[in-house]
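K.L.:
The structure is given below, and queries will be raised subsequently.
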Amino acid sequence: MTVMEQRGAYRPTPPPAWQPRTDPAPLLPDAEPYRVLGTEAAAGADPELLRRLYAELVKGRRYNAQATALTKQGRLAVYPSSTGQEACEVAAALVLEERDWLFPSYRDTLAVVARGVDPVEALTLLRGDWHTGYDPQQHRVAPLSTPLATQLPHAVGLAHAARLKGDDVVALAMVGDGGTSEGDFHEALNFAAVWQAPVVFFVQNNGFAISVPLAKQTAAPSLAHKAVGYGMPGRLVDGNDAAAVHEVLADAVRRARAGGGPTLVEAITYRVEAHTNADDATRYRGDAEVETWKRHDPIALLEQELTARGLLDEAAADSVRQDAETMAAALRAHMNRDPELDPMDLFAHVYAEPTPQLLEQREQLRAELAAEAEPEGAQ
C-alpha cells in the first residue's frame, strides 16, 4: 500500500476556475486628464467656489515668490517652491472638512497655509528653527515631510485608526511623482486598499524628481494606473485646472468618507521654478519647455473663466492682489525678525518620558553652553 492509498491521505483536487479578485475596469483612470475650465462642464461650477479658488491661487503665487525671495536674503535656509502647482495645493486644502487630516510633503507649504496654518509657522521648518512650527493636532496637519513618501503610511495608519474608532475622518496624503518610486508608497497603498482605509493619495506629477524625468522612474501608462494593482480607483486630472482638481479630490474624499476606501489621484502639473533655491534646473530642462507650461498657468486659466462668465472684474482682481500683497508684507516683516531660540528646546518634545541618554545629552549641552557664556580668562 502506498502512502496515497492509506485512509485519510491527502488527495489533490482540480483547482477551481480562476477569477479576478476585483474587476479592474471601474478602477482604471480616464485616457485623458479630466478638465473643467474651458469645457462645457465649467458652466456647472459653483461661482463662489471659483472665486475662492482664484483668491487662494493668487495669494499662493505671492507666497511662493516671497518665500523664494527670503532664501536670497538669508532668512530661509531653503524653499521648495510650488509655483505652477498652486491649483493642486489650494484644492487639496479646500476639499477637507475641519475634522479631516492633511499629510503634506516638503513642497506643500502652500497647502498647509491654505489649510489655515499661520504663514510664518509654516516656514519654521525651512528656516531651521524647529522640526515643525505649528501644532499638528490643532490644525489637523501633519508636519511637513522632508523624507520622500514617509508621510503616506502615517496617513493610512491615522485613517485606519479613525475608522476603527468610528470617527468620521478622512486623511489626504500629498506626494510628488518622485515619491511614488519609494517603498513607502507601495506599503501605504497596499495597506490602505486591504484595510479599505478612508485615505486619498494625491500625486502631483510635476515631471521631475529633482532632475530625474518621469520616464526614468516608471514605465506605467500613468501613475494613476498604479492604483489598479492595489485594488483602488485611479483618477487622472489636469493639475493646473483648479476646478477640475477640486472636483476630483472632493469626489475621492466623499467616497472615502462613505466607506468606499482609498483613491489614488494623479494631477498632471509642472514645477515652473527650480527644485529648490539650491537647484539649477537649466541643467536638465530647456527654457522652451518651461515657457510652454507657463501658457497653461493655473491662475490665468481660472481668471479667463471667471472673466468670461462675468464673475471677475478688474476691481475685484485688484482687491485679491492687494490682499496677497498684505499677506506678503506681514510674512516679510515677521521673517526679518531674529527668532529667540532656546537650545534646550531640542530635548523638550522628543519623548513623554525622557530616556537616560536624552537626559545625559541635555546636561552635556547645558554644560557646554554655560562654559561658552563664561568671560574669557574666568576659572
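K.L.:
Once label points are set 7 Å from the Cα along Cα→Cβ at both TYR351 and ALA370, what is their separation, rounded to one decimal in nm?
P.N.:
For the pair TYR351/ALA370, the computed spacing is 2.3 nm.
K.L.:
Size of the dipole of the chain about the Cα centre, Lys and Arg at +1 and Asp and Glu at -1 on the beta carbon, nothing else charged, in debye to 20?
P.N.:
For this selection, approximately 1220 debye.
K.L.:
Per the 1.4 Å probe, what fraction of the accessible area of the chain, in percent, lies on carbon and sulfur atoms?
P.N.:
C and S atoms contribute 52 percent here.
K.L.:
For segment 25-174, rounded, prolate or oblate, judged on the Cα gyration tensor with a ≥ b ≥ c (square roots of eigenvalues), a/c < 1.5 rounded, else prolate if a/b > b/c?
P.N.:
Here segment 25-174 falls in the oblate category.
K.L.:
Take the chain, connect every pair of alpha-carbon atoms lying under 10 Å apart with a spring to form a Gaussian network, then pick out the residue of ALA244, ALA252, ALA25 with the largest mean-square fluctuation.
P.N.:
Per the Cα network of the chain with a 10 Å cutoff, ALA25 tops the list.
K.L.:
Using heavy-atom solvent-accessible surface (probe 1.4 Å) with all chains present, what is the largest-first order of HIS349, HIS246?
P.N.:
HIS349, HIS246
K.L.:
What order, most packed first, do the peptides 357-365, 169-177 have when packing is the mean number of other Cβ atoms within 10 Å of each residue?
P.N.:
169-177, 357-365
K.L.:
Among DSSP beta bridges lying fully in the chain, give the percent that are antiparallel, nearest 5.
P.N.:
That works out to approximately 10 percent antiparallel.
K.L.:
In square nanometres, what is the average projected area of the Cα convex hull of the chain?
P.N.:
30.1
K.L.:
Something else: Which whole-Hz couplings ³J(HN,Hα) result when phi for each residue of segment 197-204 is put into the Karplus expression 6.51 cos²θ - 1.76 cosθ + 1.60, θ = phi - 60°, listed in order with x for Gly and Pro?
P.N.:
Per-residue couplings from phi come out as 6, x, 9, 10, 9, 10, 9, 8 Hz.
K.L.:
Distance from the Cα centre of segment 353-371 to that of segment 296-318, in angstrom?
P.N.:
57
K.L.:
A further question follows. Note the full-extension length gain between GLN217 and THR326 as 0.36 nm times their separation in residues minus their Cα-Cα distance, in nm to one decimal.
P.N.:
Computed gain between GLN217 and THR326 is 35.1 nm.
K.L.:
Order 299-307, 329-337 from most to least packed using the mean count of other Cβ atoms within 10 Å.
P.N.:
Per-residue Cβ counts within 10 Å, averaged per peptide and sorted highest first, yield 299-307, 329-337.
K.L.:
In the neighborhood of ASN240, defined by Cβ-to-Cβ distances under 10 Å, what is the net charge if each Lys or Arg adds +1 and each Asp or Glu adds -1?
P.N.:
Charge balance in the 10 Å sphere: -3.
K.L.:
Which Cα, out of LEU158, VAL141, SER81, lies furthest along the positive dipole direction of the chain (beta carbon charges, K/R +1, D/E -1)?
P.N.:
So the residue furthest toward the plus end is LEU158.
K.L.:
What is the chain's relative contact order, in percent, from Cα pairs under 8 angstrom and six or more apart in sequence?
P.N.:
It rounds to 22 percent for the chain.
K.L.:
Further question on the same structure: Using mean Cβ contacts within 10 Å as the protection proxy, how do 271-279, 214-222 order, highest first?
P.N.:
271-279, 214-222
K.L.:
Mind checking which of ALA267, GLY286, LEU302 is farthest towards the positive end of segment 256-313's charge dipole, using Cβ charges of +1 (Lys, Arg) and -1 (Asp, Glu) about the Cα centre?
P.N.:
ALA267
K.L.:
Can you put TRP130, TRP101, TRP293, TRP18 in order of accessible area, largest first, using a 1.4 Å probe?
P.N.:
Ranked list, largest accessible area first: TRP18, TRP130, TRP293, TRP101.
K.L.:
In what order, largest first, do SER82, SER211 sit by accessible area if the probe radius is 1.4 Å?
P.N.:
SER211, SER82
K.L.:
OK, next. Could you give the semi-axes, largest first, of the ellipsoid that matches segment 222-303, computed as the square roots of 5 times the alpha carbon gyration tensor eigenvalues and rounded to whole Å?
P.N.:
Result for segment 222-303: semi-axes of 30, 16, 10 Å.
K.L.:
Next question. Would you please give the FRET efficiency between ALA288 and VAL194, computed as 1/(1 + (r/R0)^6) with r the Cβ-Cβ distance and R0 = 41 Å, to the nearest 0.05?
P.N.:
Once the sixth-power term is evaluated, E becomes 0.35.
K.L.:
So if R0 is 25 Å, what FRET efficiency would GLN304 and ALA69 give, r being the distance between their Cβ atoms, rounded to the nearest 0.05?
P.N.:
With a Förster radius of 25 Å, E is 0.35.
K.L.:
Ok, one more. Gain in length, SER319 to HIS334, computed as 0.36 nm per residue apart minus the alpha-carbon separation, to one decimal in nm?
P.N.:
Stretched fully, the SER319-HIS334 segment lengthens by 3.1 nm.
The values are calculated or read from the model by the stated rules, or taken from the named source; none is laboratory data. As the structure is a prediction and not an experimental result, all values here were calculated from the model. All Cβ positions, glycine included, derive from the backbone under ideal geometry; neighbour counts span all protein chains shown. These accessible areas exclude ligands, DNA and RNA; they are computed on the full protein's heavy atoms, side chains included. Shrake-Rupley method; radii C 1.70, N 1.55, O 1.52, S 1.80 Å.
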